[in-house]
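Shown next, in structure tokens, is the structure this report addresses.
The values are calculated or read from the model by the stated rules, or taken from the named source; none is laboratory data. Everything numeric here is computed off the predicted structure, so don't read it as measured data. Cβ: placed from backbone, ideal geometry, glycine included. Neighbour counts: every protein chain shown.
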Amino acid sequence: MNEQRQWCTENPSLFSNLPEELILHILLRLPVRSLLRFKSVCKSWLSLISDPKFGKSHYDISASPTHRCLTKGNDSEIESIDVDASSLHDDSSVVSLKFPLPPPPREGYVFGPDPPSDVEFVGSCRGFVLVAYPQGDVIVWNPSTGVQRRIVDDLDEMIAMYPTGFGYDKSTDDYLLVIMNVIPEGYYPEDVPDLPTTIRIFSMKTNSWFNQEGTYAQYVDMGCAHLKIGAFLNDTLHWLVTSYETKLHLIIAFDLVQRSFSEIPLPHVLARELENKHWYNLRVMGECLSLCYPGNMDSMAEIWMLKDYKVQSSWAKLFVFSTCNIPRNVIYPICFTKHGELFCSYGSGRLMIVDDKGWQLLDQSTKWPKPHMMFGEERECMLPCGLYRESLLSLTNDFQEASEDDQ
């Protein structure tokens, strides 16, 4: 990196002879990490690359966007891993990041010098990640640039109890945190009043909450933490729930632009009763909604993909394989690599890459051997929202940018 900076600085004439428009087009096609380094080449490049309009243009026209996955290392650090790396043990594919600025301790809450191990990633969109601290604060964070902003509110109970999602409304250029109040699992069919689903939304642009007006059907929570996190696709947040009326499992979709609800039926074979339903995970993979089952000693791992959005007949079971050769005999798909392989977790935050037959190609477990603990036992960490796309995007209000020394 220092050699690149020195070479650019010592050869300014190579750039001064180029038209500004050509320099702009060249920079817009470079990876985010290169652009962050090139901010130190000269003042004009620093100004250009730091311009929010440049960040938006770069995000929109990027020829080959890069994706990374966050996983917790030690209590005081986060590892950002290139999902397309040739090796998960190659230090060049792994970047150690500082936790977003932890909020001050609340009265009666003991908060040590290092962030707690149960900090969670609870949403991601356009390069931003929602990071939730156990005392209730939520921070919106761009891991690529270090910018961050805290949502000051008591959100710990709401995020733990209700389906939550983070997405982008392109019609207003606004990032939204959505919390949906549904019936908790185990309270239907007779035990609840006729109370429809309600929606509460936090606007990053106005820094305020509002209730979404409308009359919505009743839905029942699936009762599992990773299914409370909305999958963002096509301007819409998606959750796997149960219909209170029909008792069928389905996906509900909340369009952030139209502010409207719709339902997406599951494959017929799964709609009535998901076997071991708490194990299923709803993800966006290959630009498609995907329903993933991790498998176990007695059953195969499966990935169902909705190839044609909202068309029930387009559900296809594209991946079926045994997990007998995988540690713990479970696999939680996170995304596809650019080579079509599966980037996965197999519990306790450990990562691996497997082919479409389930054969293990790369394993990261020896590099980060420390499991995450909860109540004295290892916790299965499926990293539902640890995936993010690198970007230079920023927000309009009250964002703090990390100094260059922190990058």
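Would you mind stating whether Leu383 is in the same structural domain as Ser203 (by TED's automatic domain parsing), assigned to a loop (DSSP other than H, G, I, E, B), hydrophobic (A, V, I, L, M, F, W, C) and at pLDDT 75 or above? Answer is no for this residue.
Yes or no, residue by residue, for (1) within 14 Å of the chain's Cα centre (by Cα); (2) modelled with pLDDT of 90 or more:
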{"site": "Arg106", "(1), (2)": "no, no"}
{"site": "Phe111", "(1), (2)": "no, no"}
{"site": "Pro116", "(1), (2)": "no, no"}
{"site": "Gly123", "(1), (2)": "yes, no"}
{"site": "Arg126", "(1), (2)": "yes, yes"}
{"site": "Val131", "(1), (2)": "yes, no"}
{"site": "Pro134", "(1), (2)": "no, no"}
{"site": "Trp141", "(1), (2)": "yes, yes"}
{"site": "Thr145", "(1), (2)": "no, yes"}
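Candidates are the residues of segment 312-353 that are in a loop (DSSP other than H, G, I, E, B) and of a type in the set (D, E, K, R); the one that is nearest to Thr66 (Cα to Cα) is Lys338. If we keep just the residues of segment 223-232 that are buried (at least 18 other Cβ atoms within 10 Å of the Cβ) and out of contact with any Cys (no Cβ under 8 Å at 6 or more places or on another chain), which is modelled with the lowest pLDDT? By that ranking, first place goes to His226.
Quick grid of which residues meet (1) at pLDDT 60 or above; (2) surrounded by fewer than 21 Cβ atoms within 10 Å (Cβ to Cβ); (3) of a type in the set (S, T, N, Q):
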| site | (1), (2), (3) |
| --- | --- |
| Pro327 | yes, yes, no |
| Ile331 | yes, no, no |
| Cys335 | yes, yes, no |
| Gly349 | no, no, no |
| Asp356 | yes, yes, no |
| Pro371 | no, yes, no |
| Met374 | no, yes, no |
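Of the residues in segment 281-300, none is out of contact with any helix residue (DSSP H, G or I) (no Cβ under 9 Å at 6 or more places or on another chain), surrounded by 18 or more Cβ atoms within 10 Å (Cβ to Cβ) and farther than 25 Å from Phe121 by Cα.
Within segment 294-313, residues that are free of Cβ contacts under 8 Å to residues at least 12 places away in the same chain sit with their Cβ atoms under 8 Å from residues that are surrounded by 13 or more Cβ atoms within 10 Å (Cβ to Cβ), at 6+ positions apart or across chains, in these pairs: Asp308/Ser314. Report yes if some residue within segment 293-311 is modelled with pLDDT under 90, among the hydrophobic types (A, V, I, L, M, F, W, C), over 24 Å from Lys247 (Cβ atoms) and part of a loop (DSSP other than H, G, I, E, B); otherwise report no. Looking for residues that are modelled with pLDDT under 90, among the hydrophobic types (A, V, I, L, M, F, W, C), over 24 Å from Lys247 (Cβ atoms) and part of a loop (DSSP other than H, G, I, E, B), one finds at least one in segment 293-311, hence yes. Of all residues in segment 202-222, those that are surrounded by 13 or more Cβ atoms within 10 Å (Cβ to Cβ) and among the hydroxyl-bearing types (Ser, Thr, Tyr) total 3. Residues in segment 230-250 that are outside any strand (DSSP E or B), within 21 Å of Val122 (Cα to Cα) and of a type outside the set (Gly, Ala, Ser): how many? Summing the residues that are outside any strand (DSSP E or B), within 21 Å of Val122 (Cα to Cα) and of a type outside the set (Gly, Ala, Ser) in segment 230-250 gives 2. State which residue is modelled with the lowest pLDDT when the search covers only segment 252-292 and only residues that are under 20 Å from His226 (Cα atoms) and among the aromatic types (Phe, Trp, Tyr). Selected residue: Trp279.
Counting only residues that are crowded, with 23+ Cβ neighbours inside 10 Å and either assigned to a loop (DSSP other than H, G, I, E, B) or touching a Cys at 6+ places or on another chain (Cβ under 7 Å) (or both), segment 130-142 holds 2 of them.
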